[in-house]
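Q: Have a look at this one before I ask anything.
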Amino acid sequence: ETGVTQSPTHLIKTRGQQVTLRCSSQSGHNTVSWYQQALGQGPQFIFQYYREEENGRGNFPPRFSGLQFPNYSSELNVNALELDDSALYLCASSLMGGGVTEAFFGQGTRLTVV
Amino acid sequence: AQRVTQPEKLLSVFKGAPVELKCNYSYSGSPELFWYVQYSRQRLQLLLRHISRESIKGFTADLNKGETSFHLKKPFAQEEDSAMYYCALTLYNNNDMRFGAGTRLTVKP
């Protein structure tokens, strides 16, 4: 077991609502990355948090925002939900410093927007 | 911009046959390449990375900078290799990881 946990596992929201997804990183990791995986697609990078600050962002609008806490856990917030936001949201934690290291993924949160 | 292309969405082979999952990439720097695998009902996990030059579960992948490819190979496929395989790329010291769309490998008995 990798130790990265996400909550909730499934979620149904109505268009226009807001949602918060949570991720607990693996012990010893200081970096959390979030990905959106639409059906039939590979994960798409949303953003990364390192030491509580955003450290890189993919091609997602500002209504996708995040936080990282002192214990390195993280939240992904999505405002004004749209139907196309329906996807599996993955969180991955890693240890930054000294180059690229392996990212360990959570099991994902399946978000359905109706 | 970095981009990863996996041209085959589906790949089916018989047990014991060789298998090659293709991955091509475009990049604007010096990339690190990875293969991730997702078995049924399990989370995405790292299979191998080019920098370590190791063989995991009999799989190998060689980075060909001339052809910008990082194909995953195994000489004798096993039924337990059936899974979704994703090729991924990141620039050194940039943990923005870009994934391909994935290839679903089915190994038939």
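Q: Inspect all residues belonging to the range B:40-52 and state whether any of them is of a type in the set (Lys, Arg), modelled with pLDDT under 95 and more than 20 Å from B:ASP96 (Cα to Cα). Outline the logic, then answer.
A: Step one: list which residues in the range B:40-52 are of a type in the set (Lys, Arg), which gives B:41, B:43, B:49.
Remaining after also requiring modelled with pLDDT under 95: B:41, B:43, B:49.
Narrowing further to those that are more than 20 Å from B:ASP96 (Cα to Cα): B:41.
Yes - at least one qualifying residue is present in the range B:40-52.
Q: Take A:ASN77 and decide whether it is away from chain B (no Cβ under 14 Å) and under 12 Å from the mean Cα position of the chain (by Cα). Steps first, answer last, please.
A: Details: away from chain B (no Cβ under 14 Å): yes; under 12 Å from the mean Cα position of the chain (by Cα): yes.
The answer is yes for A:ASN77.
Q: Please state which one of B:GLU80, B:GLU32 is out of contact with any Ser or Thr (no Cβ under 8 Å at 6 or more places or on another chain) and either outside any loop (DSSP other than H, G, I, E, B) or at positive phi (or both).
A: Values: B:GLU32 fails: out of contact with any Ser or Thr (no Cβ under 8 Å at 6 or more places or on another chain).
Answer to the check: B:GLU80.
Q: Here's a follow-up. Working only within the range B:1-59, note down all residues that are more than 23 Å from B:PHE76 (Cα to Cα) and away from chain A (no Cβ under 13 Å).
A: B:SER26, B:TYR27, B:SER28
Q: Exposed (fewer than 14 other Cβ atoms within 10 Å of the Cβ) and not in a strand (DSSP E or B): which single residue out of A:GLY28, A:GLY42 fits that description? Give the steps one after another, and end with the answer.
A: Details: A:GLY42 fails: exposed (fewer than 14 other Cβ atoms within 10 Å of the Cβ).
Testing whether each residue is exposed (fewer than 14 other Cβ atoms within 10 Å of the Cβ) and not in a strand (DSSP E or B) leaves just A:GLY28.
The values are calculated or read from the model by the stated rules, or taken from the named source; none is laboratory data. What you see is a predicted model; the values in this text were computed from it and never measured. Cβ sites come from the backbone with ideal geometry, for glycine too, and all protein chains shown count toward neighbours.
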